[in-house]
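Data first, discussion second: the structure below is written as structure tokens.
The values are calculated or read from the model by the stated rules, or taken from the named source; none is laboratory data. These numbers come from a predicted model, not from an experiment. So basically every Cβ, Gly included, is an ideal-geometry build from the backbone, and we count neighbours across all protein chains shown.
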Amino acid sequence: MREYFDNASAMNSQVFLKGYQWPFDSRKAVGGSSIVDILVYIETVLKGRRVFLDFRENPEGFKFEGLSAEARTYLENSKALLPTPIVRLRHMNPGAIGLYKDHGIDITRQPLEVAVCAQHNNGGLAANLWWESVNIRHLFPVGEVNGSHGVYRPGGSALNSGQVGAIRATEFIAARYGKPSLDTRAAARAATRAATNAAVWLARCAKASRSWQEERLEFQERMSRAGAHIRSLDRLKTALPEARAQWRRIETEGCAFKGGAGAAEALRTRQLCFAHLVYLEAIGFALESGVGSRGSAIVLDPAGRRVHEKLGSEWSVAAEDESFRDRVQETSVEDGLTITHRWVPRRALPRTDAWFETAWAGFRNGEIYK
Ligand SMILES: Cc1cc2nc3c(=O)[nH]c(=O)nc-3n(C[C@H](O)[C@H](O)[C@H](O)COP(=O)(O)OP(=O)(O)OC[C@H]3O[C@@H](n4cnc5c(N)ncnc54)[C@H](O)[C@@H]3O)c2cc1C
């Protein structure tokens, strides 16, 4: 990365901040630590190279005095002004070394390969304030699948949201849905339909020319290129037709597999392929709507702000249109493959003038569960 920074200290400070602030953040792309993710993307996705972090020795030109105040103070407060990265890591977080070792990587002896990965996938189903799906009653999507973590969720709120959601959902279920309500016949019919559909598709796979591994790699690479932290209408122009073609191919030809476990992977590949297509369509709608760069993704736009002086003008980012913070994108799929999108106003933050005595009584007698 050295060539992108004026001096080694500027580079080392950003590497420190990358570890410290770590999720990709569109606000930290220009002049911030998220430039590291962009550089890693350029090397791995665009140039097809591999990127490593080497804990064994300091980068050339490393000196504590040159680090930004934030990095230096952190190391000072951690009593970690120690000779090499691995010694500093062992002092501050020995568990990290053990964790990699458990996975066969000894970072005291070898460099650690890195890549940008998704930290979260905030979306999927729409639910009400009791975490009950708004269009499938009795289904409680709790967690990321609820899509309620927000574009800039503060650290820790994801795990809190899952825990709070689970408690609220179970309270609601206990208060309102105490009696079994499943129409077992309808459920059995639906299960039979799904099993028949899967069996018909698996039978097609016998003649498939490409394996599920090849198919999966194809859409994984497409998602890394066009559906991850760096997005553009330009990339989608190629990615979307390719995604549609792959989905049609997998539907009509299946994908080759071996054995029972292979059949499960083939079915998973079929579902993942469909999901990736819907995600790319949804991203395309957001970009065409002009949302701009926000949260965990930047949107490239030649008319935007240059992300780094040493990167070409193609690395210019669109500003965020903040008016979209008041809207939520809803994407739905009907009849198998009719994908539609719309913006709906986000729910207002509740403001209440509840009086303690009456609110407490409402909670105690179960009036709140409606
Ligand atoms: C590297 C990393 C660091 C993070 N750090 C933080 C942090 O510091 N603080 C914070 O608040 N959040 C953090 N997050 C986010 C947080 O961990 C997630 O938002 C949270 O764990 C999501 O929980 P979930 O239950 O929604 O989903 P998951 O934990 O993904 O659970 C979904 C489960 O469903 C299972 N599943 C999937 N498909 C099927 C199927 N077809 N049938 C049956 N089961 C299925 C999966 O195996 C999985 O167990 C981090 C995330 C990552 C990746």
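Summary of values
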item: Selection from segment 98-141 of residues that are within 30 Å of LEU39 (Cβ to Cβ), within 21 Å of the chain's Cα centre (by Cα) and part of a strand (DSSP E or B); result: GLU113, VAL114
item: Among (1) exposed (fewer than 10 other Cβ atoms within 10 Å of the Cβ); (2) within 16 Å of the ligand (Cβ to nearest atom), the one test that ALA191 misses; result: (1)
item: Pairs where the first residue, in segment 152-175, is in contact (Cβ under 8 Å) with a residue 24 or more places away in the chain and the second is within 8 Å of the ligand (Cβ to nearest atom) and assigned to a helix (DSSP H, G or I), C-beta under 9 Å, 6+ apart; result: ARG153/SER161; ALA158/GLU144; GLY165/ASN146
item: Answer from ARG270, ARG248 - the residue that is modelled with pLDDT of 95 or more, surrounded by 20 or more Cβ atoms within 10 Å (Cβ to Cβ) and not in a loop (DSSP other than H, G, I, E, B); result: ARG270
item: Every residue from segment 154-180 that is in a helix (DSSP H, G or I) and within 14 Å of the ligand (Cβ to nearest atom); result: SER157, ALA158, LEU159, ASN160, SER161, GLY162, GLN163, VAL164, GLY165, ALA166, ILE167, ALA169
item: Residue in segment 273-292 that is surrounded by 19 or more Cβ atoms within 10 Å (Cβ to Cβ), on the phi > 0 side of the Ramachandran plot and of a type outside the set (Lys, Arg) present; result: yes
item: Qualifying residue in segment 336-355 (condition: aliphatic (A, V, I, L, M), outside the structural domain of PRO241 (by TED's automatic domain parsing) and under 23 Å from the mean Cα position of the chain (by Cα)); result: yes
item: Options PRO111, PRO85, PRO141; residue that is modelled with pLDDT of 95 or more and within 12 Å of the ligand (Cβ to nearest atom); result: PRO141
item: Enumeration of residues in segment 224-234 that are buried (at least 19 other Cβ atoms within 10 Å of the Cβ) and either of a type in the set (Phe, Trp, Tyr) or part of a helix (DSSP H, G or I) (or both); result: ALA226
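Residue by residue, here is whether (1) within 22 Å of the chain's Cα centre (by Cα); (2) farther than 30 Å from THR196 by Cβ; (3) not assigned by TED's automatic domain parsing to the domain that holds TRP247 holds:
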residue: ARG270; (1), (2), (3): yes, no, no
residue: CYS273; (1), (2), (3): yes, no, no
residue: VAL278; (1), (2), (3): yes, no, no
residue: GLU281; (1), (2), (3): yes, no, no
residue: VAL291; (1), (2), (3): yes, yes, no
residue: ILE298; (1), (2), (3): yes, yes, no
residue: LEU311; (1), (2), (3): no, yes, no
residue: VAL317; (1), (2), (3): yes, yes, no
